[in-house]
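The values are calculated or read from the model by the stated rules, or taken from the named source; none is laboratory data. Being a predicted model, the structure only gives us computed values, none of them experimental. As a convention, Cβ positions derive from the backbone with ideal geometry for all residues, glycine included, and neighbour counts pool all protein chains shown. Side chains included, ligands, DNA and RNA excluded: accessible areas come from the protein's heavy atoms. Shrake-Rupley method; radii C 1.70, N 1.55, O 1.52, S 1.80 Å.
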Amino acid sequence: VSPSSGLYESAMDITIQVEEGFSAYYVFGQTEPNPDNWEKYTGPIAMPEGNTIFSAVLVDDSTNKISSATVRNYDLSINPEENE
């Protein structure tokens, strides 16, 4: 999962590297996603403004085995440009 946890001042896309034969699922606001609240990853996700916990898992398409969660903590604070 990239980018890494940290403070950001401009909007970033969150991406998950998914190898062939696997599917990725994610959730905002929880460190341990469960199947009831997963969203299937289909492409880059806009990082929401504010402090956010993002968790992702990979699922083996052939065995349905679930990886441990990868957790990131993003803090996006966009300051509006001041007009002079």
At the level of C-alpha centres, the distance separating the range 52-75 and the range 12-47, in angstrom, is 6 Å
Share of accessible surface on carbon and sulfur in the chain, whole %, 1.4 Å probe and ligands ignored, is 44 percent
Of 23-31, 51-59, ordering from highest average Cβ density within 10 Å down gives 51-59, 23-31
Here the Cα Rg-to-2.2 N^0.38 Å ratio for the chain is 1.23
Probe 1.4 Å, heavy atoms of protein chains only: per residue, the accessible area of the chain in Å² is 69 Å²
Taking 68-75, 3-10 and ranking on average Cβ neighbours within 10 Å, highest first, one gets 68-75, 3-10
Note: THR31 to GLN17 extended length (0.36 nm per residue) minus current alpha-carbon separation gives 3.2 nm
